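**Q** Sending over a structure as structure tokens; questions will come in a sec.
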Amino acid sequence: MKIFYSEAHRKHFPAFEVFDGGKRVPYLENPDRMDQILKAIHKTTWAEINEPNDFGLDPILAVHDKEYINFLTSCWSEWLDSDPEIASTPEASVFLPATFALRRKTRPTKSLHGRAGYYMMDLSACIVAGTYQAALASANCALTAAEFISHSNSAASSFALCRPPGHHAGKDYAGGYCFINNASVAANWLSSKGKVVILDIDYHAGNGTQDIFYERNDVLTISIHGDPDYEYPHYIGFADETGAGIGLGFHKNFPLPSGTNDEKYLSTIDEALNMIKKFAPNYLVLSTGMDTFDGDPLGKFKVTHNGFAEIGTRIASLGLPTAVIMEGGYANQALGDNIVTLLEQLK
Ligand SMILES: [Zn+2]
């Protein structure tokens, strides 16, 4: 299996993040996640790791707002310019706003913090010096994985080992450790070549992906996740959100209860796969989070290692060219074995 991976993710390693209640904790979406996955990948005989190609900004700007991308490009240097004290110890700082824009009543303002609260949805998408470069390289991994399956005429799969992840980033906002929506950029690129489905199996609702394709009927989006009634991102991902305009009926959320086990999860996967078969896509983009794992510090599901093998087997039975895009997963010790087990079914 072709795996696309860039070391550029190491440039993005914020010193901390802020949890509910203002608690400062080490950044959970850390480079060690990739090291654990690479360690597990290196033990296999079938993995071929490649650098991604550089697609330039056009396929990213086809999904994301230009002013938002401009903000990501410059906010770190603007932040350092704004305060000599921060500039003297940049490694101790992360760039975050303290005020967030309430959507649909607001506009971005000229000030750095006015733009920050507008283009960021929470306190987890900490920005440091290398964040934008890491996010671009991550998007290129997804695009290269998409390009690979578009050239293949059989049910080939590829794996984009993306970091930072992408599915919480919307057209014009960062959030949930995500800056550029890698899966959406890849799916939008593929959509000029055929019908695409994005199946999001990360534990958290793929709010950014939902927002980006909500009014489109050429890309079916499906997300299986912890019910937003109790889980992040809280305000989106409900069952009655099914698309709008010509996109009505082309989005599906499966919000599941806390404690969801293999049996419940797999029966939901089967429902999703039936929807996909009816849509008859040419390509599958699989937003793959491993935080459904029993023991993940950010999840409340009970999916097991064997459960991931079965999820992979059932998805592989679609027989579709599949670009697997790495999203979340924070039980670092188990992360490598879990993703490799899933990939083994799709290789
Ligand atoms: Zn997640």
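**Q** Cβ contacts < 9 Å: first residue in a strand (DSSP E or B), restricted to region 321-337; second residue within 12 Å of the ligand (Cβ to nearest atom) and hydroxyl-bearing (Ser, Thr, Tyr), any location; separation 6+ or different chain. Result?
**A** 324/287; 324/288; 325/287; 325/288; 326/287; 326/288
**Q** If a residue has to be surrounded by 15 or more Cβ atoms within 10 Å (Cβ to Cβ) and either at positive phi or at pLDDT below 95 (or both) to count, how many in region 255-307 make the cut?
**A** Final tally of qualifying residues: 0.
**Q** In region 206-234, which residue that is aliphatic (A, V, I, L, M) and in a strand (DSSP E or B) is farthest from residue 250 (Cα to Cα)? Let's see the steps before the verdict.
**A** To start, the set of residues in region 206-234 that are aliphatic (A, V, I, L, M) comprises 212, 219-220, 222, 224.
From what's left, in a strand (DSSP E or B): 219-220, 222, 224.
On the way: 219: 7, 220: 5, 222: 8, 224: 15 Å.
The residue in question is 224.
**Q** I would also like to ask the following. Is there any pair linking a residue in region 156-170 that is closer than 18 Å to residue 223 by Cβ and within 13 Å of the ligand (Cβ to nearest atom) to one that is of a type in the set (Asp, Glu) and outside any loop (DSSP other than H, G, I, E, B), with Cβ under 8 Å and at least six apart or on different chains, and which?
**A** 167/200
**Q** Right, next: Filter region 288-333 down to the residues that are within 15 Å of the ligand (Cβ to nearest atom) and in contact with a Pro (Cβ under 7 Å, 6 or more places away or on another chain) and list them by number.
**A** 326, 327, 328, 330, 331
**Q** Yes or no: residue 252 at pLDDT below 95, more than 15 Å from the ligand (Cβ to nearest atom) and either of a type outside the set (Val, Ile, Thr) or crowded, with 23+ Cβ neighbours inside 10 Å (or both)?
**A** Numbers: at pLDDT below 95: no; more than 15 Å from the ligand (Cβ to nearest atom): yes; either of a type outside the set (Val, Ile, Thr) or crowded, with 23+ Cβ neighbours inside 10 Å (or both): yes.
No; evaluated as a whole, the condition is false for this residue.
**Q** Only residues that are in contact with a strand residue (DSSP E or B) (Cβ under 7 Å, 6 or more places away or on another chain), more than 30 Å from residue 321 (Cβ to Cβ) and either of a type in the set (Gly, Ala, Ser) or surrounded by 14 or more Cβ atoms within 10 Å (Cβ to Cβ) (or both): list them for region 1-27, please. Step through it out loud before you land on a result.
**A** The initial filter retains those residues of region 1-27 that are in contact with a strand residue (DSSP E or B) (Cβ under 7 Å, 6 or more places away or on another chain), namely 1-5, 16-19, 24-25, 27.
With the extra rule that they be more than 30 Å from residue 321 (Cβ to Cβ), the set shrinks to 16-19, 24-25, 27.
16, 17, 18, 27, listed by residue number.
**Q** Among the residues of region 1-46, which ones are part of a helix (DSSP H, G or I) and at pLDDT below 95? Quick ask: steps written out before the conclusion?
**A** First pass over region 1-46, keeping only residues part of a helix (DSSP H, G or I): 7-11, 20-22, 31-42.
Hits for region 1-46 are 20, 21, 22.
The values are calculated or read from the model by the stated rules, or taken from the named source; none is laboratory data. Everything quoted here is computed from the prediction, not taken from an experiment. No Cβ is skipped: glycine too gets one built from the backbone with ideal geometry, and neighbour counts run over all protein chains shown.
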